[in-house]
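Colleague: Next up is a structure, given as structure tokens.
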Amino acid sequence: MISMASVNKHYGSLHVLRDISLEVPAGQVVVMLGPSGSGKSTLCRTINRLEPIDSGTIAVDGRPLPAEGRALATLRSEVGMVFQQFNLFAHKTVIENVMLAPMKVRKLRKAEARRHAEALLDRVGIANQADKYPGQLSGGQQQRVAIARSLAMEPKVMLFDEPTSALDPEMVGEVLDVMVGLAKEGMTMIVVTHEMGFARKAADRIIFMADGVIVEDTDPETFFTAPSSDRAKDFLSKIL
Ligand code: ADP
Ligand code: MG
């Protein structure tokens, strides 16, 4: 579903992605770990081309990433992304936030978009908040709206970049539960997170990055009990 080959990316003189190659089959849940500044966010952002790359290739569902135009808009709709900041439209209601992109990009009629959005809000457990504004919701509820909004485009892949890092601790679980549900339904996911419980429970695969390189690529059991690199051992000793 996601195929990266020899991807390199620089910010000026900083070589932030170093020859990254990665194949993620459909339905796999990848949790990406690594110290701050290792390139996790940049890697995610290259997959829906929020960041251009210097060399290498990236394909989603067998199709190389388009550079621009309509093809890029289509790709973006196939690769959902959820960030630490929810980025909801503050002046639109919850359900309008979810209806907007399908109407604009997919040309869904309003009634159809609303029906679809209602089902999605129900799926993330906030159907009863549909007509409120984002500012009236808790952080956990807002992040669930953001997930519903991404799902409204029926993406083939979902990227999550520290989706719970900005939340109060008591709200982390409700967002992770939605993500676990998505994983169980077979969504292809890349999740950058510091939630090790989620990583152990939901990940099919752990990718550990440091300094722009994939240092370990293994199953959660092996990663958490027998990491092979000193970088991963050091990382785990600090967080566990
Ligand atoms: P992570 O998500 O693992 O913390 P990032 O991908 O955000 O890492 O960043 C990797 C490196 O690239 C860091 O050194 C960061 O400072 C740098 N970086 C990220 N975004 C930019 C940018 N837009 N311009 C310049 N440097 C950047
Ligand atoms: Mg990051």
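The values are calculated or read from the model by the stated rules, or taken from the named source; none is laboratory data. It should be emphasised that the depicted structure is a prediction, and the values quoted were computed from it without experimental measurement. For neighbour counting, all protein chains shown are included, and Cβ atoms are generated from backbone atoms with ideal geometry for every residue, glycine included. Protein only, heavy atoms only, side chains kept; ligands, DNA and RNA dropped before computing areas. Shrake-Rupley method; radii C 1.70, N 1.55, O 1.52, S 1.80 Å.
Colleague: Can you give the helix-only mean residue ellipticity at 222 nm for the chain, where every DSSP H stretch with n ≥ 4 adds -39500 (n - 2.57) and the sum goes over all residues, rounded to the nearest 500 deg cm²/dmol?
Modeller: The helix contribution divided over the chain gives -12000 deg cm²/dmol.
Colleague: Now, a different point. Under 5 Å between amide H atoms, partner at least 5 residues away or on a different chain: which partners does residue 210 have, H built in plane at 1.01 Å?
Modeller: Result for residue 210 returns 215.
Colleague: Please compute the net charge surrounding residue 39, taking Lys and Arg as +1 and Asp and Glu as -1 over other residues with Cβ under 15 Å from its Cβ.
Modeller: Net of charged neighbours comes to -3.
Colleague: Also, quick follow-up: In the structure displayed, which of 104/156; 184/238; 40/132 lie more than 27 Å apart, Cα to Cα?
Modeller: Flagged as over cut-off: 184/238; 40/132.
Colleague: Hey, with R₀ at 22 Å, roughly what FRET efficiency would residue 177 and residue 154 work out to, going by the Cβ-Cβ distance, to 0.05?
Modeller: According to the calculation, E is roughly 0.55.
Colleague: Another one. Might you tell me the accessible area per residue for the chain, computed with a 1.4 Å probe and given in Å²?
Modeller: 46 Å²
Colleague: May I pose another question? Could you check which residue among 91, 194, 116 shows the biggest mean-square fluctuation in a GNM of the chain with a 10 Å Cα cutoff?
Modeller: 91
Colleague: Turning to a different aspect of this structure: Select from the range 153-217 those GluC sites (Glu not before Pro) which occupy a DSSP coil region and have at most 12 other Cβ atoms within 10 Å, ordered by residue number.
Modeller: 185
Colleague: Let's test the formula: R0 of 51 Å, r as the Cβ-Cβ distance of residue 229 and residue 89. What FRET efficiency results, to the nearest 0.05?
Modeller: Once the sixth-power term is evaluated, E becomes 0.75.
Colleague: If you don't mind, another one. Between residue 188 and residues 5 or more places away or on another chain, which pairs have amide H atoms under 5 Å apart, with H built 1.01 Å from N, and which residues are they?
Modeller: Result for residue 188 returns 27, 158.
Colleague: Accessible area of the range 199-239 with a 1.4 Å probe: how many percent of it is carbon plus sulfur?
Modeller: Within the range 199-239, the accessible surface is 46 percent carbon and sulfur.
Colleague: Tally up the carbon and sulfur contribution to the accessible surface of the range 1-110 as a whole percent, 1.4 Å probe, everything protein left in place.
Modeller: Percent of accessible area from carbon and sulfur atoms in the range 1-110: 52.
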